[in-house]
Amino acid sequence: MSLSFKDYISIFIHQTDLHLTSYVKEELAPYNIAPEQNLIMMLLWEKDGQSQNEIAKQLDKDKTNIARMAQSLEQKGFIRRSSCPNDRRTQRLFVTEEGEKLGHSVIPLAEKFNKIVCHGITDKELAELKRILSKMRQNVQ
């Protein structure tokens, strides 16, 4: 084996993601929302009424996975799903009043988390990190 375990960048990125996800999961636990569900909510708080397909594209997730998470969010009362009048197959997601209340608690947590993660990292370094990670993503597509 030419590389040692610690030399594989993909393993390092994966381990970092596990730590980040674990932190977010713990912070979101009192609000009855999983990190992946929170990503959907973040998109809806930014722009309400997006379709499940639009969300799937933005999150680079399978449409079925998004539909399942949307169903769970609807059962929790955070969103409501509505069929488009001109295309019954398209489901649009809308934040409910309960979902808005959730946002008032969760958005500050997300902003705090982003500050913690980016602490001591310059804007230039963040731009470079995004550029490199995008390149890695393209390499495996």
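The values are calculated or read from the model by the stated rules, or taken from the named source; none is laboratory data. No experiment lies behind these values; they were computed from the predicted model shown. In this analysis, Cβ positions are derived from the backbone assuming ideal geometry, glycine residues included, and neighbour counts consider all displayed protein chains.
Residues that are among the polar types (S, T, N, Q) and outside any helix (DSSP H, G or I): does the stretch 123-140 have at least one?
First, pick out the residues of the stretch 123-140 that are among the polar types (S, T, N, Q): 134, 138-139.
Now restrict to residues that are outside any helix (DSSP H, G or I): none.
Looking through the stretch 123-140, none of the residues is among the polar types (S, T, N, Q) and outside any helix (DSSP H, G or I).
Could you tell me whether the stretch 93-107 includes any residue that is at pLDDT 95 or above and under 13 Å from the mean Cα position of the chain (by Cα)?
To start, the set of residues in the stretch 93-107 that are at pLDDT 95 or above comprises 93-107.
Next cut, under 13 Å from the mean Cα position of the chain (by Cα) only: 106-107.
Yes, because at least one residue in the stretch 93-107 is at pLDDT 95 or above and under 13 Å from the mean Cα position of the chain (by Cα).
Is one or more of the residues making up the stretch 11-19 under 22 Å from R80 (Cα atoms) and surrounded by 12 or more Cβ atoms within 10 Å (Cβ to Cβ)?
No, there is no match, as no residue in the stretch 11-19 is under 22 Å from R80 (Cα atoms) and surrounded by 12 or more Cβ atoms within 10 Å (Cβ to Cβ).
Tell me, which residue of the stretch 127-141 that is aliphatic (A, V, I, L, M) and closer than 20 Å to I11 by Cα is nearest to the chain's Cα centre (by Cα)?
L133
Are there any pairs with C-beta distances below 7 angstrom linking a residue in the stretch 31-56 that is without any contact (Cβ under 8 Å) to a residue 24 or more places away in the chain and closer than 14 Å to E100 by Cα to a residue that is assigned to a helix (DSSP H, G or I) and polar (S, T, N, Q), with the two at least 6 apart or on different chains, and if so which?
Close Cβ pairs (under 7 Å, with a partner that is assigned to a helix (DSSP H, G or I) and polar (S, T, N, Q)) amount to L43/Q58.
Go through (1) under 20 Å from L28 (Cα atoms); (2) in a strand (DSSP E or B) and name the single condition H104 misses.
(2)
Can you give me the number of residues within the stretch 87-124 that are more than 12 Å from M41 (Cα to Cα) and either among the hydrophobic types (A, V, I, L, M, F, W, C) or touching a Cys at 6+ places or on another chain (Cβ under 9 Å) (or both)?
9
Out of K57, K25, report the one residue that is touching a Pro at 6+ places or on another chain (Cβ under 7 Å) and of a type outside the set (A, V, I, L, M, F, W, C). Break it down into steps so the answer makes sense when it comes.
On the way: K57 fails: touching a Pro at 6+ places or on another chain (Cβ under 7 Å).
Answer to the check: K25.
May I ask you to list the residues in the stretch 83-141 that are among the basic types (K, R) and farther than 19 Å from Q52 by Cα? I'd like the intermediate steps shown before the answer.
Kept after step one, since they are among the basic types (K, R), are these residues of the stretch 83-141: 88-89, 92, 101, 112, 115, 124, 130-131, 135, 137.
Listed by number, the residues that qualify are K101, K112, K115, K124, K130, R131, K135, R137.
Can we say L18 is touching a residue at least 12 places away in the same chain (Cβ under 8 Å) and under 15 Å from the mean Cα position of the chain (by Cα)?
No: the conditions fail for L18.
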